[in-house]
Structures are given as structure tokens and as C-alpha cells.
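Worksheet: one structure, shown below.
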Amino acid sequence: MPTIRPAVPADAPAVVTLRETVFPYLVRGVAATTRMIANPPPGESWAAFVATDGDRVIGWVAASGNPRAEATDAGAISLLHVHPDHRRRGVGTALHRAATDHLRSAGLRRISTVAQPDSLPFARRHGFQPSREIRYSALDLSDRPRATAPRRPVPLDGLRVIPLYEVDEQALYRADGEAATDEPGDLPAVASPRDTWRYEVWDNPDLDRRSSMIAVQGGRVLAFTLLLRDGTRLWSDMTATVPEFRGMGLAGLLKRTSLDRAARSGATVAYTANSEANRPMVAINERLGYRALTVNIGCVTILTD
């Protein structure tokens, strides 16, 4: 039986390689993974475990609190996965046990996760029930001319579109708090605590500050799109518009501008994920030329003692 142990920073390259095998549409670089293991996000009771066969990493899971959830006992099991050559041998169950033991010890009971379609029976056996569908999509950036032009934004006096590196941290955090709480999810949401947001967004080593784009009016951020980058691969981490400026075409403008800038700097493919319930963002991505790759299933459970 493989060994289950806490992850250490030296595992990061092998973890990224494993993730690319199981989730080729996710973009999380070695630097960001190393930081997550070595210096976990503050206040989240975050922990990760690996399964090893000899000196080879064959499985991974992370478990943490969910600071964006309204419920104080909300947590998550993230990216539980096992290399295809080592499945159906109890490795996934052992990783799940390590994750749930950690969550219980932290007082976390309302747990969410995301399962690939072929992993849904495993999730059900461990008490999870499906709650929503999440579409993962890809865009070949060499095919950009075929994208449908976004709707022309409604004119706004003083509107500027600028790269992230020109934006004040506090202004972006304020806009994130205004825009993110009604994003579709498994549990009612609240704004991210400042330390959580800084760790996950502002200080993320994968954040592409030159291709991430912001719409500002005066000193206020009205909309933003953030890109994570690992080499030539991109991940659209979040695109959002503060509520009073929605429906004006800002999100489509920012995403197209951001992707064009990234393509000119050598990016070749972009990935993203959207709840199927978020039809406006799904429609924007379809107009930009994204093609659906797979639909994963958001799931929830309540842990018992």
C-alpha cells in the first residue's frame, strides 16, 4: 500500500506533473504550489497530503476552511486525485480519510468539493451529493482572429483600461468584495478577508500582472479580469464587474484585451472554468472562442463525527 503523508515543499514539481496528467486544463505552477505547501494561506487551517509509491508522488489532496463562505464551519476538499496507473487500490480512500480527519480536527463540517464525472461514484460513496455543474473550457490563442467581437461597451466618462501593475491594491480588493459575493457556488458567500485575498490574489506568484486587465473610472475599479500564467499556459482566475456596472460590455472588453496581450507575449492556450448557472460569463467565453472540454460536478456533504 502506498504511503500517505503530509506534503512538503520538495513535492511541488511532482505534484504539478501529476496534476497536469489528471487535470490538463488546470494551470498551477511549481512556484505557486511550493508556496502553498511551505506557507499556507492564513486563517484557513490548510493542509495537503500526498500518496507516494517509493519516491514517486502518485496522489494528492488539499483540505482547508473556506473563508469566502458565510458559514463559519465551511471547508473544502480540493483536487483529490490519483495517478491513473494506481487507481482502485484504496489510495483515493486513504487520501480522503486524511483530508476529512484534518477537517474534523479543525471544526469544519460543511464540506464542498469538485469531482470529475468518472469520480462522481467515489464522491457519492463518501457522502457527497451533486450541487452544480462547472464547465471547463480552452481557447487556442493562435486562433484568436476567429473569435467573435465582443459587444461594444457602453460609453462611460473617464473610463480607462489598464494592466494590473498600474492598479492600487486597495482599489482592486474593494472591487473584488463588491463583485464576488454573488458568484455561483455551493454555499452563500461573503467577501474574502483581506489577508486571504492578498495571499490568493495579489501575492500569487502565477499572477500575470501585464496581461491581467482592469477597467477604472477615476480611482475606482469597475471590472477586472485576472490571468494566472505558467509558461505558455494561462488560467482565467476571475473576471468580475461590480453590480451597478454590469451589462455594459466591460467583462468582454477586458477578457479580449487580456487574452490578446498574453498571446502577443507568447501564451499559446488559455483555460477557464465557469458554473453552468453563470450564463452571462459562459456566453462571453463562447463569443471569445473558448471550447468546452469537460463538465465537472460541484458536490457538498456534512461531515459527522
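For this structure, a couple of remarks:
- Extending 7 Å from Cα along the Cβ direction at Gln116 and again at Ala38 yields two label points whose distance is 2.9 nm.
- Under 14 Å from the Asp305 label point (7 Å along Cα→beta-carbon), backbone N, the stretch 88-120: 104-109
- For the stretch 1-101, the list of chymotrypsin sites (Phe, Trp or Tyr not before Pro) that fall in a loop by DSSP and count at most 12 other C-beta atoms within 10 angstrom is empty.
- All C-alpha to C-alpha distances of the stretch 148-305, sorted into 10 Å bins beginning at zero, yield P(r) values of 10, 39, 38, 11, 2, 0 percent in whole numbers.
- When only the Cβ of Lys, Arg, Asp and Glu is charged (+1, +1, -1, -1), the dipole of the stretch 1-104 relative to its Cα centre reaches about 180 debye.
- Accessible area per residue was computed with a 1.4 Å probe on protein heavy atoms; Met281 scores about 20 Å².
- FRET efficiency for the Val295 to Arg104 pair, using the beta carbon distance and R₀ = 35 Å, is estimated at 0.70.
- Computed over the stretch 32-82, Cα set: Rg, Dmax in Å: 12.5, 42
- Percent of C-alpha pairs per 5 Å bin, the stretch 1-137, short to long: 2, 10, 20, 23, 22, 16, 6, 1, 0
- Volume per residue that the Cα convex hull of the stretch 107-146 spans, once the total is divided by residue count, Å³: 120 Å³
- Excluding exposed DSSP-loop GluC sites (Glu not before Pro) (at most 15 other C-beta within 10 Å), longest clean stretch of the chain: 71-275
- Full extension of the segment from Ser265 to Ala277, taken as 0.36 nm per residue of separation minus the current Cα-Cα distance, would add 1.0 nm.
- For the stretch 98-108, putting each phi into the Karplus relation 6.51 cos²θ - 1.76 cosθ + 1.60 with θ = phi - 60° gives couplings of 4, 5, 6, 4, 5, 5, 4, 5, 8, x, 9 Hz, in residue order, rounded to whole numbers and with x for Gly and Pro.
- Projected onto its three principal axes, the C-alpha set of the stretch 201-288 covers 36, 32, 22 Å, listed from the longest axis down.
- Cα-centred dipole magnitude for the stretch 49-177, charges only on beta-carbon of K, R (+1) and D, E (-1), debye, nearest 20: 580 debye
- Equivalent ellipsoid, the chain (semi-axes from 5 times Cα gyration tensor eigenvalues, Å): 33, 21, 18
The values are calculated or read from the model by the stated rules, or taken from the named source; none is laboratory data. Every value quoted in this text rests on a predicted model; they were computed, and no experiment measured them. Counting neighbours? That spans all protein chains shown, and the Cβs are built from the backbone with ideal geometry, glycine included. Only protein heavy atoms, including side chains, enter the accessible area calculation; ligands, DNA and RNA are left aside. Shrake-Rupley method; radii C 1.70, N 1.55, O 1.52, S 1.80 Å.
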